[in-house]
Amino acid sequence: MVRRKFAFARDVAEYDELIEGEGQEPLNSVYYKNWEDQYRPHCDGQCHGGRYRKGERIATSLTYCAIADKGGYTMFSRTGLKVVPKRRQMLFFGYKLPPASEGGVPTMDRGHTEHTGCPLREGQKWIATMWYREGMTAEKGWESYRTA
């Protein structure tokens, strides 16, 4: 599954330098099982714009393994976009933007990717989450870029 996620990020999102393997963050899962289980609004990467720096997260994918009977949507807080999940569907969003024509330097999203896992109302929800970073190696992996 991880190999296919990285292939998608390279081919469709055109993150050409993105390579799966040692040094990348592991695939994570989140299980929502109780009434009101949720994730409050947050950004997985930088949320304030600015220049891209190697080692930062550049994208996220969520694969909906089990979906709630009610609630549990993914909402992009600042844009109002609501994603109603379907089982086995993957949601992908990148926050490293292409180089600006004037400076030729990639920049980061200004908060449009801030999102929330809306409260669970009935049933259960399980997602597999993958975060992507460029330039990771076994010697210098994602943990060396963590912020305090």
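See the values below:
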read-out	value
Within segment 108-137, tally of residues that are closer than 21 Å to Phe6 by Cα, of a type outside the set (Gly, Ala, Ser) and assigned to a strand (DSSP E or B)	8
Sole exception among (1) under 14 Å from Thr129 (Cβ atoms); (2) at pLDDT 95 or above; (3) small (Gly, Ala, Ser) for Gly45, by number	(2)
Residue list for segment 66-107, restricted to those being closer than 22 Å to Arg4 by Cβ and out of contact with any Lys or Arg (no Cβ under 9 Å at 6 or more places or on another chain)	Val83, Lys86, Arg87, Arg88, Gln89, Leu91, Phe93, Gly94
Leu27, sole failed condition from (1) at pLDDT below 90; (2) more than 18 Å from Pro106 (Cβ to Cβ)	(1)
Among residues of segment 123-148, those that are free of Cβ contacts under 8 Å to residues at least 60 places away in the same chain and surrounded by 14 or more Cβ atoms within 10 Å (Cβ to Cβ), counted	1
Selection from segment 1-28 of residues that are touching a Gly at 6+ places or on another chain (Cβ under 8 Å) and not in a loop (DSSP other than H, G, I, E, B)	Ala9
Hits in segment 29-77 - residues which are part of a loop (DSSP other than H, G, I, E, B) and of a type in the set (A, V, I, L, M, F, W, C)	Trp35, Cys43, Cys47, Ile67, Ala68
Members of segment 15-51 found to be acidic (Asp, Glu), in contact (Cβ under 8 Å) with a residue 24 or more places away in the chain and exposed (fewer than 12 other Cβ atoms within 10 Å of the Cβ), listed by number	Glu17, Glu22, Glu36
Residues (of a type in the set (Ser, Thr, Tyr), surrounded by 16 or more Cβ atoms within 10 Å (Cβ to Cβ) and more than 23 Å from Trp35 (Cα to Cα)) located in segment 52-105	Tyr52, Thr60, Ser61, Tyr95
Where a residue in segment 97-122 is closer than 22 Å to Val12 by Cβ and its partner, wherever it lies, is acidic (Asp, Glu) and modelled with pLDDT of 95 or more, with Cβ under 8 Å and at least six apart	none
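The values are calculated or read from the model by the stated rules, or taken from the named source; none is laboratory data. Nothing here was measured: the structure is a model prediction, and the numbers come from that model. Cβ sites come from the backbone with ideal geometry, for glycine too, and all protein chains shown count toward neighbours.
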